[in-house]
1. Filter segment 376-432 for residues that are under 20 Å from Ile347 (Cα atoms) and among the acidic types (Asp, Glu) and give the result.
2. Only one of (1) part of a loop (DSSP other than H, G, I, E, B); (2) open to solvent by 50 Å² or more (accessible area, probe 1.4 Å) is not met by Gly168, so which one is it?
3. Being in a loop (DSSP other than H, G, I, E, B) and either surrounded by 14 or more Cβ atoms within 10 Å (Cβ to Cβ) or at pLDDT 85 or above (or both) is the filter here; which residues of segment 249-260 pass it?
4. Kindly evaluate Tyr162 against the criterion of being in contact with a strand residue (DSSP E or B) (Cβ under 8 Å, 6 or more places away or on another chain), open to solvent by less than 50 Å² (accessible area, probe 1.4 Å), at pLDDT 90 or above and not hydrophobic (A, V, I, L, M, F, W, C).
5. Pairs needed: first member in segment 84-109, at pLDDT below 75; second member anywhere, surrounded by fewer than 20 Cβ atoms within 10 Å (Cβ to Cβ) and assigned to a helix (DSSP H, G or I); C-beta distance under 6 Å; at least 6 residues apart or different chains.
6. Which members of segment 58-69 meet the condition of being open to solvent by 70 Å² or more (accessible area, probe 1.4 Å) and either among the aromatic types (Phe, Trp, Tyr) or free of Cβ contacts under 8 Å to residues at least 24 places away in the same chain (or both)?
7. How do the pairs read when you match residues in segment 176-194 that are farther than 19 Å from Glu67 by Cβ with residues anywhere that are open to solvent by 60 Å² or more (accessible area, probe 1.4 Å) and part of a helix (DSSP H, G or I), using Cβ under 6 Å and keeping only pairs 6 or more apart or on different chains?
8. Provide a single number: the residues in segment 261-299 that are small (Gly, Ala, Ser), assigned to a helix (DSSP H, G or I) and more than 19 Å from the chain's Cα centre (by Cα).
Amino acid sequence: MHTFERKVLKFIEEYSLLAPRSVVLVAFSGGPDSTALAETLYRLRPLLDIELVLFHLNHGLRGKESERDEAFCLQWAQEHSLPIIVERSNVISFHKSSGLSLEEAARTIRYNLLEEYAKRYGASSVALGHTLDDQAETVLMNIIRGTGLSGLCGMKVKDDLYVRPLLGVWRSEVRKFLEEEGISFVEDSSNFDPAFLRNRIRHRILPLLQEVNPRVLEALVRLSLNVQEFMQSEEDIELSLTKENGTTGVSLDDLILLPPGKRSWAIRKFLKEARGTLWDVTRSQVKDVLRLVEQRKGEVVLPGKVRVFVREGYLWALLSPLPLVDMPYWSFSLDFPGKYAFSDLGITLEARFEPPSCSHQECWQTMLDFEKCSPPFVLRNFREGDRIVWEGGNRKLKEFFEKWGIPREWRKALPILCDANKILWVPGLALDERVRVQENSKRVLHVSVWRYKG
């Protein structure tokens, strides 16, 4: 066994990263770090008693080079007789529609797909190829951007589903292992693009710091470990969260009762639960949210079009992928059966005559009696005067919005499925009784709506 493999094995066992008889999904780009990770886990499979599934995402950002990377990963998987999932995604489109930076948009798509396939393949963990160098760069990058203690923690060895088996080795050790074992890999030219902050840190700033302190990488890693130990004491903050209508809420009273020094930690915990990440939330923005809590009123908008506001004694966060909310009216023609991805609306809609197999989280489904519908079909937003047949009466949709507690400013953001004459379905809320499926229905249209992932 190579020294590198032995060191990684010891690290995995020390932190109990991979459970025996489990499936591990490996994020595999074909670069040196992920190739070393995949090769090492492949060789350690019998000892660890694990099964491997590889995942490669072609971001489509580097033209022929992206195609080369995908081909390399497919060939590598074939040579090692390992299953591999290859996905392609339009990162540019998601970057523009989400308001996220290109780097964060790619990261969001990548992690969403990793979690989706981990669930689909029954993987208990997702292995990522980050090294100690990546940890040092992450800590320094957070310092440069401006960060609190959580940013100084850097990356965790084990973070829920994600594990980092190489977070105990340096990049130089990875290269040495690959060279000595004659293992090929591909180089990503974007890793040298100075447009990305991480690359400027890696190739310009760190070399200058190493002239002052040749062991600056080790110092940054020690800093992250020290802060992680301190932060462990802050994880005892318990929040009782409320989820409804796509929002996450927490009682203002619960936040106010916390000691002042812990409120910001509670806000960060709340925002991470609501947004899924704190990657681009600044200390100033956390303070803005704290001010809402103290004043018990107001609203702020965070990166990624997340609205945080106070309403009826609660602090709410709404992840709003619906940039058309401010438009007076919008509509899209539909031809069923068919599938439509609305990146601007943040949803995908599919209608078919066979039962759906929707495995997406937050997936709304309904069935329509097709012969009682009057094509053409349209997906549009709310209009004043809209009505729907519900509980035996022809009622104003506005009344139901008020009954369901849907704020006025959200109503034009909700997608509504209609035919030529009437509203058919408000996803997740109501189905018009005139098109409800009965025992004598001959043609049933199955409609599903889920969050658009790019």
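1. Within segment 376-432, Glu409, Asp419 meet the criteria.
2. In the conditions (1) part of a loop (DSSP other than H, G, I, E, B); (2) open to solvent by 50 Å² or more (accessible area, probe 1.4 Å), Gly168 misses (2) alone.
3. Correct list: Leu257, Leu258.
4. Numbers: in contact with a strand residue (DSSP E or B) (Cβ under 8 Å, 6 or more places away or on another chain): yes; open to solvent by less than 50 Å² (accessible area, probe 1.4 Å): yes; at pLDDT 90 or above: yes; not hydrophobic (A, V, I, L, M, F, W, C): yes.
Here the answer is yes, as Tyr162 does meet what is asked.
5. From residues that are at pLDDT below 75, the pairs are His95/Leu102.
6. Filtering segment 58-69 down to residues open to solvent by 70 Å² or more (accessible area, probe 1.4 Å) leaves 61, 64, 67-68.
Answer for segment 58-69, where residues must be open to solvent by 70 Å² or more (accessible area, probe 1.4 Å) and either among the aromatic types (Phe, Trp, Tyr) or free of Cβ contacts under 8 Å to residues at least 24 places away in the same chain (or both): Lys64, Glu67.
7. Listed pairs, sorted by first residue: Pro194/Arg200.
8. The qualifying residues number 4.
The values are calculated or read from the model by the stated rules, or taken from the named source; none is laboratory data. Since the model is a prediction, treat every value here as computed from it, not as a measurement. Don't worry about glycine lacking a Cβ; one is built from the backbone with ideal geometry, like all the others, and counts go over all protein chains shown. Only protein heavy atoms, including side chains, enter the accessible area calculation; ligands, DNA and RNA are left aside. Shrake-Rupley method; radii C 1.70, N 1.55, O 1.52, S 1.80 Å.
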